[in-house]
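Participant: I am attaching a structure below and will ask some questions about it afterwards.
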Amino acid sequence: MSKHMTKDEARKEIYRLLDTMDVGSPGFEAISESAFTLRNSARRLQWLGERECNGVTGPDGFAKWDEGDQAKNDSDREKAENRAAKAIEAIMDSEARQRIEIEFQGDPRGAPILIHEKNGRQRIAVFW
């Protein structure tokens, strides 16, 4: 079964993890920075998905979407996905990283980032 974390649950879990560490400990800065980057990447992916669904307002006031808009959206999505993946890898050791998969989805109705075990037992949804 998959367990989806709400935004508040994810925030509480990150704060709980940060509270277990001393501010001066070597891992504190890495986890804090990774959590910040992961949240911002999730927010960016959510915004890009909404923009792709709704289009952009043209000079005539109507929504439009053309190849140039799609190319820019794809480029921005790739950058956000790479930042999120690097943030997750920064706080995990190589053994843990091999056990999980990171899935990105562009549908703005759900979580933009899903982290789940390769055997499929548990899934964590990252909302911004």
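Participant: Here are some conditions: (1) acidic (Asp, Glu); (2) more than 14 Å from the chain's Cα centre (by Cα); (3) in a helix (DSSP H, G or I); (4) loosely packed, with under 14 Cβ neighbours inside 10 Å. Asp60 meets all but one. Which one does it not meet?
Facilitator: (3)
Participant: Considering only residues that are over 14 Å from Gln105 (Cα atoms) and among the hydrophobic types (A, V, I, L, M, F, W, C), look in the range 62-82 and name the one that is modelled with the highest pLDDT.
Facilitator: Ala71
Residue-by-condition table, conditions (1) touching a residue at least 12 places away in the same chain (Cβ under 8 Å); (2) more than 27 Å from Glu52 (Cβ to Cβ); (3) of a type in the set (S, T, N, Q); (4) surrounded by 14 or more Cβ atoms within 10 Å (Cβ to Cβ):
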residue	(1), (2), (3), (4)
Glu89	no, no, no, yes
Glu103	yes, no, no, no
Gly106	yes, no, no, yes
Pro112	yes, no, no, yes
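Participant: Touching a residue at least 60 places away in the same chain (Cβ under 8 Å) and under 27 Å from Phe28 (Cβ atoms), is that true of Arg83?
Facilitator: No, not satisfied.
Participant: Next question, about the same structure. Here is a list of conditions, (1) modelled with pLDDT under 90; (2) surrounded by 12 or more Cβ atoms within 10 Å (Cβ to Cβ); (3) closer than 26 Å to Ile115 by Cα; (4) not hydroxyl-bearing (Ser, Thr, Tyr), and Asp8 meets all of them except one; can you say which number that is?
Facilitator: The number of the failed condition is (2).
Participant: Which of (1) in contact (Cβ under 8 Å) with a residue 40 or more places away in the chain; (2) outside any loop (DSSP other than H, G, I, E, B); (3) crowded, with 16+ Cβ neighbours inside 10 Å does Cys53 not meet, given it meets every other one?
Facilitator: (3)
The values are calculated or read from the model by the stated rules, or taken from the named source; none is laboratory data. None of the values given here were measured: they were computed from a predicted structure. For neighbour counting, all protein chains shown are included, and Cβ atoms are generated from backbone atoms with ideal geometry for every residue, glycine included.
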